[in-house]
Amino acid sequence: MKVEISKTYNAAEVESRWYGWWESQGYFKADNRSSRPAFVIMMPPPNVTGMLHMGHMLGDTIQDIIVRRKRMQGFNTLWLPGMDHAGIATQNVVEKELAKQGLSRHDLGREKFVERVWEWKREYGGIILKQIRRIGASCDWSRERFTFDEGLSRAVREVFVRLYEEGLIYRGKRLINWCPRCMTALSDLEVKHESKDSKLYHIKYPLKDVPGTFITVATTRPETMLGDTAVAVHPDDERYLKYRGKAAILPLVGRELPFIQDSVVDPKFGTGIVKVTPAHDPADFDMGVRHNLQQISVIGEDARITAAGGKYQGQDRMEARRNVLADLEAQGFLEKTESLLHSVGECQRCSTVVEPLLSEQWFVRIKPLADPAIAAVEQGQTQFVPSNWSKTYYEWMFNIRDWCISRQLWWGHRIPAWYCDDCAEMIVSRTDVHECPKCKSSRMHQDEDVLDTWFSSQLWPFSTLGWPDQTEDLKAFYPGSLLVTAYDIIFFWVARMMMSGLKFMGDVPFREVYITGIIRDAEKQKMSKSKGNVVDPLEICEKYGTDAVRFALARMGAPGTDIAVSDDLLDGYRAFATKIWNAARLIFRHVDASDRLASLNDLQRSNLSIADRWILSELARTIEGVNNSLDKYNLHEAAREIYGFFWHEFCDWYLEMFKLHPERSKAVLIHVFETALRLLHPFMPFITEELWQSIPHRGDSIVIASYPEFEPKALDAEADTQITTIKDIIVKVRNIRSEMGLGAKQPVALRVATTDTATTQLLTGAREYVFKLAQVSDLEIVPSLGDNKLGARTVAAGLSIEVPLAGLVDTESERARLTKEMEKVQREVDKLLRQLSNASFIERAPREVVEENRRRLADYEGQSAKLSESLNRLI
Ligand SMILES: [Zn+2]
Ligand SMILES: [Zn+2]
């Protein structure tokens, strides 16, 4: 009985068939009691509000390729999926929903609001996880986690309390990023910087005790001057030595501003004198601490001027700016106004301009945590791929500042600190506190703030495995093997996971960090909503097939480099899937359900044709190359090799040769195709399973079949050289046919000049391939081509060959053809000569490259000589 598959390849249909079955068979499930070595990847948890974008698809495809191969290699693989509760992002989504009903979160109150978010999460959250299934990601769904689930919340509390007890978490008044709309502190990550047209105002401050004398300071935010408490110059700036010990008078307010010297002041910027506003500017805050300056907050959490702003109190910051400027102008203090392109920090979630505010917040003292995390990378316990990303990591780690972890939100892990209303005692505790340990009062209230989302996601590599309990999972799967992430979150997430892993588990969270590029559009532009060039991955999977999109991403995605996605690119890989499908249809015409899968040993004991020996050799070489590339995470190289093998060697050549004696070669055909499907499976999981199930195979699913390993005994140098010769002759005859305009079915004769016995034997033995694949009807082997004037001559595999053209074409077009070929060869010769006479190329290029070019040059020169011989004979 012949195997039947549909005539045309329907990706959507094939792809709908397998995922559910794989999952129900438990193939993706890790076993914490297995004696096999573990291979562990924690999926970077997408936001619960997230939708799959191309960046996810790239990261998930890379992870899936790596995990699927490891699984096939017999590793006990765990790829753990899950979601991040994404504090501010999620809270905003639900607040927007409420706003549609004219409600705010305050109308509901904290408890009801949080309940509402959970409801939302149950109903709409996690769409992205369904989408991740759709692209074939082979995660262990039985271990799916959520950063806000019970277990992970317990881990968060444990970490908070331990850090607090060790003095690594403290509460203090610091300058933080504040969003006046979201009414919360933001981390640097949650602030986006936009270049905006703005103005630089030059303001005159009178000098105290020297009437009629002014200094000039420049600012983009004149309203903050209300909070100035000093003016500063660089200590080496000789122009202002005379002001030492003097003071300026703040216009509109009348406050006395001492002159201070600080080396952060740039003497070349403006007049070299700056105003210092410790409560509203991060650099000024630090300066204020150094010089013990007063911190005066003149802007409040609602972005309105506070009582400290005098007559401007209650005005919005923008309104206050206009009024301050008008008053400065009226009193003659505004010297001039300039236009300026200026970077403005905005809230990532709502685009409101962020206000640097002095605020009482919780902080993690980071340096004691950062030092071991720096050492771990220096000592190679964790390695970056590509390795140059470790520089970025160090840069960030060496400049790291204490981390503001409190957020004035309702959705998130509430800070486990309680305050006594009677004696003001504060208790930080693993369990809820109902009674004051000091005064025994029961009037206790918990801190209103929640923790930064990253506080819980930094624990992802071990909180997901049940920590702080010493679970079987934790023993089996920590530390993880690999983390795959885009380069934009190295600092925020990777570094924090390193710090917390080392602190609480005593070991790094992963041995390697693979940094992916980012996805760009066909014009190499970064994708963004505002540019309107965002590609929806599910849409293109629908259009081109998931397997094709996955393959395209793997093929284009060298580690750390960006990928431009275009229709042409995707079209090309859809064609690849179709090519494989069509090859399968041809194979299935010859394969019976009763055929069995032969091993390489079986095959090598049988009577193999030269084409069979060659394709087995070619397959072995491809397997070696693919495995080497995948070991180095060069997925793009591996994809290139598989593609070349499938498309060119297998489909274009071997299948054509196979047709000559299908019965004899059937066992090889099945063996090669089955092996190649396994080799390709991690890249294109759906089509490979579909076809694998239909041909003879061992086991229940390709997902758990073994990954092909390099078998040196399949290498066959003799068959390689011989088929290379035959292929070259066929190609050259085909070229002559097309250049001379001969019809595809028009038989031609072929003359080959050689006196070599081995070559003669080869040509005689393999003539059927030339006959069949180049439409040659007669092959003559001669010592030399002689003086035939009407024959198209060329060189193939170092042999002079001729297609006699008498009665087929005229001399003129043959001359034109030879001339054209001659020019082509000459161009190559010139190019190589130029290169090889270039001293700096010889010096810098690897020796093998230089050698290879010398060899090619000799080769082309030989061809050129033979061609010119033919051309001469024609005249
Ligand atoms: Zn905001
Ligand atoms: Zn008390």
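The values are calculated or read from the model by the stated rules, or taken from the named source; none is laboratory data. Please read these numbers as outputs of a predicted model, since none were measured by experiment. Every residue, glycine among them, receives a Cβ derived from its backbone with ideal geometry; neighbour counts consider all protein chains shown. Accessible surface is based on the protein model in full, side chains and every heavy atom, while ligands, DNA and RNA are left aside. Shrake-Rupley method; radii C 1.70, N 1.55, O 1.52, S 1.80 Å.
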Stokes-Einstein D for the range 172-292 at 25 °C, 0.890 mPa s, Kirkwood Rh over Cα pairs, in µm²/s?
157
How large is the charge dipole for the range 682-766, taken about the Cα centre, if only the Cβ atoms of Lys, Arg (+1) and Asp, Glu (-1) carry charge, to the nearest 20 debye?
620
To two decimal places, what compactness ratio does the range 431-554 give when its Cα radius of gyration is scaled by 2.2 N^0.38 Å?
1.58
Could you do me a favour and compute the accessible area per residue for the chain, 1.4 Å probe, result in Å²?
44
Taking Cα atoms, the helix 54-72 axis meets the longest principal axis of the chain at an angle in degrees (rounded to 10) of 60
Loop-resident sites, the range 120-199, for GluC sites (Glu not before Pro), counting at most 15 other Cβ within 10 Å (DSSP):
GLU166
Among 491-500, 508-517, how do they line up from the highest to the lowest mean number of other beta-carbon atoms within 10 Å?
491-500, 508-517
Distance check, please: which entries in LYS173/LYS196; LYS96/LYS199; LYS275/LYS311; LYS196/LYS526; LYS173/LYS391; LYS192/LYS526 exceed 24 angstrom between their Cα atoms?
LYS173/LYS196; LYS96/LYS199; LYS173/LYS391
Angle check, please: helix 685-694 long axis (alpha carbons) against the longest principal axis of the chain (alpha carbons), in degrees 0 to 90, nearest 10.
40
Roughly how many whole Å is it from the C-alpha centroid of the range 571-642 to that of the range 521-562?
28
Quick one: if the Förster radius is 51 Å, what FRET efficiency do ASP700 and ARG815 give, using the C-beta to C-beta distance and rounding to 0.05?
0.20
Per residue convex hull volume, Cα only, the chain, in Å³ is 237
Considering only DSSP beta bridges where both residues belong to the chain, give the percentage that are antiparallel (nearest 5).
70
Just to confirm the number: angle between the C-alpha axis of helix 811-836 and the first principal axis of the chain, 0 to 90 degrees, nearest 10?
50
Check each of the trypsin sites (Lys or Arg not before Pro) in the range 369-410 and keep only those in coil by DSSP with at most 14 other C-beta atoms within 10 angstrom; list them in order.
ARG401
Could you tell me the accessible area of HIS106 in Å² (1.4 Å probe, neighbours in place), rounded to the nearest ten?
120
Cα-based radius of gyration of the range 708-827 once divided by 2.2 N^0.38 Å, which approximates compact folds:
1.16
Please say if the range 567-674 is rounded, prolate or oblate, where rounded means a/c under 1.5 for a ≥ b ≥ c the square roots of the C-alpha gyration tensor eigenvalues, and otherwise the choice is prolate for a/b larger than b/c and oblate otherwise?
oblate
Show that you can apply the helix-only estimate: for the chain, add -39,500 (n - 2.57) for every DSSP H stretch of four or more residues, divide by all residues, and state [θ] at 222 nm to the nearest 500.
-13500 deg cm²/dmol
Leaving out same-chain residues fewer than 8 places away, which lysines sit with a Cα under 24 Å from that of LYS727?
LYS579, LYS659, LYS666, LYS713, LYS745, LYS772, LYS820, LYS824, LYS866
Going Cα to Cα from LYS336, which aspartates and glutamates come in below 19 Å? Please leave out same-chain ones fewer than 8 positions away.
ASP197, GLU223, ASP327
Loop chymotrypsin sites (Phe, Trp or Tyr not before Pro), the range 229-330, which have at most 11 other Cβ atoms in a 10 Å radius of their Cβ (DSSP)
PHE269
Against the 2.2 N^0.38 Å scaling, with N counting residues, where does the range 653-696 land? I'd like the Cα-based Rg ratio to two decimal places.
1.25
Under 13 Å, Cβ to Cβ, from HIS681 - net charge with Lys/Arg +1 and Asp/Glu -1:
+1
Any aspartates and glutamates with Cα under 14 Å of the LYS438 Cα? List them, leaving off those in the same chain fewer than 8 positions away.
ASP421, ASP422, GLU425
Report in % the part of the accessible area of the chain that belongs to carbon and sulfur, leaving out ligands and nucleic acids; probe 1.4 Å.
48
Could you let me know the centre-to-centre spacing of the range 411-454 and the range 70-100, using Cα atoms, in angstrom?
29
Cα centroid distance between the range 147-209 and the range 797-875, in Å?
68
Overall form of the range 744-801 per C-alpha gyration tensor (a/c, 1.5; a/b vs b/c):
oblate
